[in-house]
Structures are given as C-alpha cells and as structure tokens.
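One structure below.
Where a number appears in this text, it was derived from the coordinates with a stated rule and is not lab data. This one's a predicted model, so the numbers in the text were calculated from it and none came from an experiment. All Cβ positions, even for glycine, are placed from backbone atoms using ideal geometry, and neighbour counts span all protein chains on display.
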Amino acid sequence: MSSITHNIDEKRIFIINRSEIKDRLDPIYFKTVHDLEIVARTSFKVEKLSDIAEMKRGRFGHRPRNEPKLYGGKYPFIQTGDVVRASIEGGKIKYSQTLNELGLQTSRLFEEIVMVITIAANIGDTAILDYPACFPDSLIGIKPKDDNTLNLYYLNVYFKYLKNYLNNLAPQAAQKNINYQQLGPTPIVIPPIEIQEKIVKIYYDAFNNKQQKEKEAKALIENIDTYLLNELEISLLFRDNSISNRIFEVNLSNLSGDRFDAFSFYNSLLKVEGGKYKNIKLRELADIKKGQSITSDKVVTGDYPVIAGGKISPYSHNEFNYEGKTITVSASGAYSGYVWYHNEPIFASDCCVIKAKDENRITMDYLSEILKLKQKEIYGLQQGAGQPHVYPSDLVKLNIPLPPVEIQNRITENIFELRKKSIQLEKEAELVLNDAKNNIEKMILG
C-alpha cells in the first residue's frame, strides 16, 4: 500500500490507480476529476459521456470563412457567441447568419434536437438547439443514446455544474480548447428519469422567474425618464428620420456665435427642455472644469477610481482630486458625453467635472437626474469623426428646468425609491436561481 511521507502536504497530492491512466498523464486533469464533488458524493450511478450520448462535431471547411458567396440562404448558422449568450440568458439560441446551398456543402446540418457545447475559447457553455441548423467545429452537438435513461434537458442543466471542470481539461495554451477525447470521459451523474425531469422543471421555472424579475427591474429604471418628464411637464419632439426630412433649412441668424454644422441643428430635436418651470443655462447653475490628465504609466494603484473617457473606470489611483457628490461627463472617445454620478472620492481624468454652484438653488442629486435625462442630447454634442469629443463650451449651454428645491428633493426621493426597488428585484432574481441550483445539486447528490 502506498504511503505519503509526513513532510508532504496531503492536500496538494493524491493517488490514482495506474489503470485509470489511459490517454493523458496530466495531474491537473486527474485532480479536477478527483475534486468534482458532485460526482464524488453522489449516490446515483455515474457514466462516461461517450457511453451514454452521441457526440457530433460541427463543420465548416471553407477558407476563408468569411467568403460572402456561402452566406445568405435558408440554413441557420450558429456561432460560439450565440451559444454563450443562450447559456447565460437561459433561452433559445438566436442566430444572425445563414448559409445557402453552397455554404451547406462545406458544413453539416443538424436536424435533430441536440445540446450544443462550446469547446474553443469559451469552453463548456451549453444550450439546446431545437431547430435545424449548421455550426462550425468549435461546437459539438450532443444527444442521449437512450431518452429513457438520460433526459437531454437534464444534461444541459447538469453541464452548468461542470464549467470549471471542462476549463481545466483544456491544455494550457494561448487559446484553450478541448476535443472528443477530452470531453468523452466526462462523468455524468444519472439519477432516475423522474428525478431528472423534476430537476429540469425546477431549473427552467427558476430561470423564467429570474427573467421576469429582471424585466420588472428594467421597467422601473426605464420609467424614471417618463416620471421625470411628467413631473416637469416636458413633451419630447418627434424626429422623422425619413430621407426627405434629413434636409432642412436654418435661418442665418440662428448660426451666429454657435456651431456651424448640420448635426448640431439636426440633433436639436433631441433637446429635453421647456416644461412648466423656468429653464436656466447650466453655466449659471454649475461650475464645469476639465479633469486632470494622467497616463497609465503615472498611475499608482490605490483606492480611487480614475474616471476617463469610457463607461467604466480603467484603473484605480492612490490619489483623488474630487470628493463628495460629483458629476462627470466623458470628454473623448466613442462614449464621449456619458453622464456619470459619483458619491465617493475619484480621480477625474479625461472628463468634464460638474459641481453645483449653490445647492440651495439646485441640488446635485436633481442635476444628475436631469443630465441623465438629457443623455441623448449630450451625446449629440459630440464633435469630430475619428475621435469624438464633448467640450465644456457646449455643455454650459444646456438648458436646465429649475423647480423649487423642495420639489427637486421630492422628485429625487421618488427616483431613489424606484432605483431601490429595481436593485431589490435584481437581487431577488439572482437569489431565485441560486436557490434552484442549490436544490438541484442536492437532488443530483441523492
């Protein structure tokens, strides 16, 4: 009997039988199988995937793959990204490409219902393909050999617990991928078919519940703009985007002292202004300054997010240059004009910084809501083709509806409650699915 000396950490090594080593002598692989708790602890029988399911790899042999003459027919052509999205969203696989008869000759049409699994780059994402379609060799179609022993939809749910296992199967390389030989020995726990069916129902009921709560959360956020427009009694102008309405006239007097370009006037219909309260120029209500330039090589990682030209902070810094309630507007790049409200210390870099001059006249909370309401209008201020910019000189001209402060406070309190309810629904959505996954794991363990 083999034994381990006392000076070796038993948690970092394990023993396997020589008979278990068939195709690869790979410690990571065997440790992964050894640590797969859902298999190690189950009371049900365990079979290799290759013994209980048929596997067929997709095909697309033509090079280059983007040859236009192969596309635009009646045969759906599924891509890896389509399966990843369906796996995350828990729904039907949606496609954006089709093959014609010529494209079909270089591919393979899957006509039966199969579970499709990704085996390259994104490894281990699965979804059910329930209509005839083609896909490339980065995907494998799988279906049970015996439907009375293995439920296809159960297999799809079961693979949600194997993603880390499958990732660890892939040889360490620049782009990970797995093949038949690595996927075939995957251990599949097989409860009685009636338990499999219960697991499928629990999972899909939970996913539907999750999606419903997420839909309600999204609706609450979308209703914020409607609520704000109604409170301010602002009616948005309708923009007819037909060809005939893209030609328009502007009086010469309207060009004086302002931007001399068609987009400036065309985007005037995006403006959110007017209503029952007096409109005041932003320059009278707030100070607008440029952020402080900083390059990545000057950044010292710290606790304060650097706010630059995008929708997320690219890195953190060990210093901040603004604290308290602060509004930033991205100054350059594809997302120039993006409005972001902060209530923490930040390092403002490639952005414009907006601070209320007098919060007894306009609160920062209210001003941030108005600027978010005007997001499309602010995006319309972009100038430049290759690298768009939004400048403080244009922001200062924005018209801000200005109700009394007590009404501003009431409005922002109501919006805060809407956001709070939305966040709660999103948390509930995640909890519903996590509870279902925990219950399913217990059922698989037996």
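Miscellaneous remarks
- Shown for HIS342, HIS389, HIS62: other C-beta atoms within 10 Å of each C-beta, ranked fewest to most, produce the order HIS62, HIS389, HIS342.
- The trypsin sites (Lys or Arg not before Pro) found in the stretch 379-446 that occupy coil by DSSP, while having at most 13 further C-beta atoms within 10 Å, are LYS397.
- Extension gain (nm, one decimal) between LEU445 and GLN97, 0.36 nm per residue minus Cα-Cα: 121.2 nm
- With the simple model of a label 7 Å out from the Cα in the direction of the Cβ, ALA120 to SER50 spans 2.1 nm.
- Taking amide H positions as modeled 1.01 Å from N, with prolines and chain starts lacking one, the residues under 5 Å from ILE307 and 5 or more places away or on another chain are PHE347, ALA348, SER349.
- Gain in span if fully extended, LYS290 to GLU359, counting 0.36 nm per residue against the direct Cα distance: 22.7 nm
- Using the Cβ-Cβ distance between GLN387 and SER43 with R0 set to 51 Å, the FRET efficiency works out to roughly 0.25.
- Inter-site label distance for THR149 and ALA334 at 7 Å from Cα along Cβ, in nm: 4.9 nm
- Straight-distance candidates among the lysines for linking to LYS45, with alpha-carbon spacing under 24 Å and chain neighbours fewer than 8 residues away dropped: LYS22, LYS31, LYS143, LYS145, LYS160, LYS163, LYS198, LYS201, LYS437, LYS442.
- Going by neighbour counts of Cβ atoms within 10 Å, the residues LYS290, LYS372 line up, fewest first, as LYS290, LYS372.
- THR301/GLU323 FRET efficiency (R0 25 Å; Cβ-Cβ; nearest 0.05): 0.85
- Restricting the stretch 317-389 to GluC sites (Glu not before Pro) in coil, as DSSP defines it, with at most 12 other Cβ within 10 Å: GLU323
- Residue list for the stretch 134-173, given a label point 7 angstrom along the Cα-to-Cβ vector of GLU111 and an amide N cut-off under 15 Å: 134
- Sites THR226 and ASN167 - FRET efficiency at Förster radius 51 Å, r taken between beta-carbons, to 0.05: 0.70
- Counting beta carbons within 10 Å around each of SER313, SER96 and listing the fewest first gives the order SER96, SER313.
- Linear extension gain, ASN208 paired with LYS69, 0.36 nm per residue minus alpha-carbon span: 46.1 nm
- Computed from backbone phi, the HN-Hα couplings of the stretch 416-429 come to 4, 5, 4, 5, 4, 5, 5, 4, 4, 5, 5, 5, 4, 4 Hz, rounded to whole numbers (Karplus: 6.51 cos²θ - 1.76 cosθ + 1.60, θ = phi - 60°; Gly and Pro given as x).
- In order along the stretch 109-123, phi translates into HN-Hα couplings of 8, 8, 9, 8, 6, 9, 8, 9, 10, 7, 10, 9, 6, 7, 9 Hz, rounded to whole numbers, per the Karplus curve 6.51 cos²θ - 1.76 cosθ + 1.60 with θ = phi - 60° and x for Gly and Pro.
- Distances between placed amide hydrogens fall under 5 Å for ALA53 paired with LYS145, all partners being 5 or more residues away or on another chain.
- Modelled this way, with points 7 Å down the Cα-to-C-beta line, the labels at LYS160 and ASN434 are 1.4 nm from one another.
- Distant-in-sequence amide contacts of GLY333, defined by a placed amide H-H separation under 5 Å and a gap of 5 or more residues or a different chain, comprise nothing.
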